[in-house]
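K.L.:
Dropping the structure in here first, questions after.
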């Protein structure tokens, strides 16, 4: 659960960081477990920030801190403590409202993890990954999903729900959903992968392939293409309804719940926009086809030299290959 916004707003409003001399002005806030927390402003830019002090840990030299259009994360030293202090600061061009939502969400994630007994080193990684999810969210526009992106997310979540129902451990199932992280395929399970394509079309079963490596099984095998066809009607679920159902499934697994929230952000979904997703989708048909040598596809090894990029569309109904069950695919992937 996100931290209440009032404590950040009140602290920032009582601080001033417009002095000519550089430096931090901070107010201590209730800690997130062992992680010290301060609201701050730094002179001379006076931008809002939250400072987090992690005890007993160090930042690896190879660790790259996330950075977005609306915020920055940097290591800092507000005083001479023995903690690792990181400052999450709003950039001048960043939305104050969006940065506040980000601060509440990130600190809330630390609160929940600390309450479950998570250690200091893990809390640091949770902070970095959560901010990284916001980085992806802002990179993708931080607005409502387009109608195409909405149906795509509904398709991926429908498959995720099926994977969970297929007895894959919750945290493993959610962590396998890597599509929001711009991975090659949408799910990485066992030794292979699942690529999901969703459609509302009643004519054929179109699947738009966005790159030459999307159906390339040279790295992960086996690779299954999962087509999900929806129809819009009042008996269907809205995107927020589907999200709520998966969250309910994850409610007894804190790690799965945390990962799911991170993936949703990275996918471009913001809970505050829930009421604006009004379309309802009912599942009409699912196709699960293994991508083998005779499957129609373009990959780097199947196009003439010199072609480096391509998008194309195939009709899954005419692609050939056996339509198998999701359980069959999960067993062949080694996921169950």
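The values are calculated or read from the model by the stated rules, or taken from the named source; none is laboratory data. Keep in mind that what you see is a predicted model, and the values were worked out from it rather than measured. No Cβ is skipped: glycine too gets one built from the backbone with ideal geometry, and neighbour counts run over all protein chains shown.
K.L.:
Given the criterion in the same structural domain as residue 268 (by TED's automatic domain parsing), surrounded by 23 or more Cβ atoms within 10 Å (Cβ to Cβ) and under 21 Å from the mean Cα position of the chain (by Cα), identify the matching residue among 178, 226, 172, 168. Give the steps one after another, and end with the answer.
P.N.:
On the way: 178 fails: surrounded by 23 or more Cβ atoms within 10 Å (Cβ to Cβ); 172 fails: surrounded by 23 or more Cβ atoms within 10 Å (Cβ to Cβ); 168 fails: surrounded by 23 or more Cβ atoms within 10 Å (Cβ to Cβ).
Being in the same structural domain as residue 268 (by TED's automatic domain parsing), surrounded by 23 or more Cβ atoms within 10 Å (Cβ to Cβ) and under 21 Å from the mean Cα position of the chain (by Cα) holds for just one of 178, 226, 172, 168, which is 226.
K.L.:
Looking only at the stretch 8-38, which residues are surrounded by 11 or more Cβ atoms within 10 Å (Cβ to Cβ) and under 19 Å from residue 114 (Cα atoms)?
P.N.:
Within the stretch 8-38, 28, 29, 31, 32, 33, 34, 35, 36, 37, 38 meet the criteria.
Results for (1) within 18 Å of residue 321 (Cα to Cα); (2) part of a helix (DSSP H, G or I), shown as yes or no for each residue.
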position	(1), (2)
226	yes, no
234	no, no
240	no, yes
261	no, yes
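K.L.:
Could you name every one of the strands (runs of 3 or more DSSP E) located completely within the stretch 152-209 that has at least 2 residues being out of contact with any helix residue (DSSP H, G or I) (no Cβ under 7 Å at 6 or more places or on another chain) and over 14 Å from residue 260 (Cα atoms)?
P.N.:
Numbers: elements: 187-189, 192-199, 206-209.
Because the criterion is at least 2 residues that are out of contact with any helix residue (DSSP H, G or I) (no Cβ under 7 Å at 6 or more places or on another chain) and over 14 Å from residue 260 (Cα atoms), the strands (runs of 3 or more DSSP E) in the stretch 152-209 that meet it are 192-199, 206-209.
K.L.:
Could I ask something else about it? Testing residue 146 on (1) surrounded by 20 or more Cβ atoms within 10 Å (Cβ to Cβ); (2) free of Cβ contacts under 8 Å to residues at least 40 places away in the same chain; (3) more than 14 Å from the chain's Cα centre (by Cα), one condition comes back false. Which one is that?
P.N.:
(1)
K.L.:
If you go through the stretch 45-81 one residue at a time, how many are in contact with a strand residue (DSSP E or B) (Cβ under 7 Å, 6 or more places away or on another chain), crowded, with 18+ Cβ neighbours inside 10 Å and not in a strand (DSSP E or B)?
P.N.:
Of the residues in that region, 3 qualify.
K.L.:
Identify all residues within the stretch 325-336 that are touching a residue at least 60 places away in the same chain (Cβ under 8 Å) and more than 16 Å from residue 188 (Cβ to Cβ); write none if there are none.
P.N.:
So the first thing to find is which residues in the stretch 325-336 are touching a residue at least 60 places away in the same chain (Cβ under 8 Å), and the list is 326-327, 329-330, 332-336.
Within the stretch 325-336, just 327 meets the criteria.
K.L.:
Separate question: Is it the case that residue 21 is in a loop (DSSP other than H, G, I, E, B), over 29 Å from the mean Cα position of the chain (by Cα), farther than 29 Å from residue 143 by Cα and at pLDDT below 95?
P.N.:
The answer is yes for residue 21.
K.L.:
Next question. Filter the stretch 262-298 down to the residues that are over 21 Å from residue 313 (Cα atoms) and surrounded by 21 or more Cβ atoms within 10 Å (Cβ to Cβ) and list them by number.
P.N.:
262, 263, 264, 265, 266, 267, 268, 269, 281
K.L.:
Oh, and also: Check off (1) in contact (Cβ under 8 Å) with a residue 60 or more places away in the chain; (2) out of contact with any strand residue (DSSP E or B) (no Cβ under 7 Å at 6 or more places or on another chain) for residue 95 and give me the number that stays unchecked.
P.N.:
(1)
K.L.:
Checking residue 122 against (1) more than 14 Å from the chain's Cα centre (by Cα); (2) surrounded by 19 or more Cβ atoms within 10 Å (Cβ to Cβ); (3) within 30 Å of residue 51 (Cβ to Cβ), which single condition isn't satisfied?
P.N.:
(2)
K.L.:
Separate question: Could you go through the stretch 211-220 and let me know if any residue there is part of a strand (DSSP E or B) and either under 19 Å from residue 287 (Cβ atoms) or within 26 Å of the chain's Cα centre (by Cα) (or both). I'd like the intermediate steps shown before the answer.
P.N.:
Filtering the stretch 211-220 down to residues part of a strand (DSSP E or B) leaves none.
Looking through the stretch 211-220, none of the residues is part of a strand (DSSP E or B) and either under 19 Å from residue 287 (Cβ atoms) or within 26 Å of the chain's Cα centre (by Cα) (or both).
K.L.:
Among the residues of the stretch 25-44, write down those that are touching a residue at least 60 places away in the same chain (Cβ under 8 Å) and in a strand (DSSP E or B).
P.N.:
If the condition is that a residue be touching a residue at least 60 places away in the same chain (Cβ under 8 Å) and in a strand (DSSP E or B), then 32, 35, 37 are the ones that fit.
K.L.:
Keeping to the stretch 98-143, report how many residues are assigned to a helix (DSSP H, G or I) and in contact (Cβ under 8 Å) with a residue 60 or more places away in the chain. Don't jump to the end; show me each part of the working.
P.N.:
Initially, the stretch 98-143 is screened for residues assigned to a helix (DSSP H, G or I), giving 98-115, 120-139.
Checking which are in contact (Cβ under 8 Å) with a residue 60 or more places away in the chain leaves us with 100-101, 103-105, 107-115, 120-121, 123-124, 126-139.
The qualifying residues number 32.
K.L.:
Out of everything in the stretch 296-336 that is part of a loop (DSSP other than H, G, I, E, B) and under 25 Å from residue 173 (Cα atoms), what residue ends up being nearest to the chain's Cα centre (by Cα)? Quick ask: steps written out before the conclusion?
P.N.:
First, the residues of the stretch 296-336 that are part of a loop (DSSP other than H, G, I, E, B): 296-299, 303-311, 319-322, 324-325, 334-336.
If we keep only those that are under 25 Å from residue 173 (Cα atoms) too, we end up with 322, 324-325, 334-336.
Details: 322: 32, 324: 28, 325: 27, 334: 24, 335: 21, 336: 24 Å.
The selected residue is 335.
K.L.:
Same structure, new question: Show the residue pairs meeting these rules: Cβ distance below 7 Å; 6+ apart or different chains; first residue within the stretch 284-295 and assigned to a loop (DSSP other than H, G, I, E, B); second residue surrounded by 19 or more Cβ atoms within 10 Å (Cβ to Cβ).
P.N.:
Sorted first by the residue in the stretch 284-295, then by its partner, the pairs are 291/215; 291/217; 291/223; 291/224; 291/225; 291/297.
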